[in-house]
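Asker: I have a structure here, written as C-alpha cells, and I will follow up with some questions on it.
Rule-based calculations on the coordinates, nothing more; no lab input. Because the structure is predicted, anything quoted here is derived from the model rather than measured. Here the Cβ positions follow ideal geometry from the backbone for every residue, glycine too, while neighbour counts run over all protein chains shown.
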Amino acid sequence: MLSNFDIKAKTFASRTGKCCVGAMEIPAEETDALVHSIQKYMGEEFDQDISPLKARLLLNYVWDEVAPFAYNAGVKDAQEFTRARNEELPDTVFRDGLNYWRNR
C-alpha cells in the first residue's frame, strides 16, 4: 500500500514542474527558485536538509493553503484602490461648459 507521501511524490513526478492552484500558476523557473529557497531556509533556520521533492511538497502545501489569502488580500486592495480612483474621477476630468464668455 502506498503512503500519502508516495502518492504525492508520484503526482509530482508526473507534473511539468510548475506549482499551481486553480487558475493561478507559478512558472517552472520560479518554482525551481522557490524550491531552492525553501531548501536553503530549512537548512539554515531548522538545520534540516530536505530534498527537492519535499521542498516542492511544502511549496505546494503553502501555495494551496496560504496563497489564496494573499491573493484575496491583493484583490481587495486593488478593488479599494480602483474604487478610490473612480470616486476622484469626476473632480479630475470634469470640465465646465459655456466658458467662451468667461474667458473674454
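Asker: Under a point spin-label approximation (7 Å from Cα along Cα-to-Cβ), what is the L53-R104 distance to one decimal in nm?
Answerer: Result: 8.7 nm between the two label points.
Asker: If you add up the charges near Y71, with Lys and Arg at +1 and Asp and Glu at -1, over every other residue whose beta carbon is less than 13 angstrom from its beta carbon, what do you get?
Answerer: -3
Asker: By counting other Cβ atoms within 10 Å of each Cβ, how are T92, T31 ranked from fewest to most?
Answerer: T92, T31
Asker: Compute the distance in nm between two label points, each set 7 Å from the Cα along the Cα-to-Cβ direction, one at A70 and one at R95.
Answerer: Going from the A70 label point to the R95 one covers 4.5 nm.
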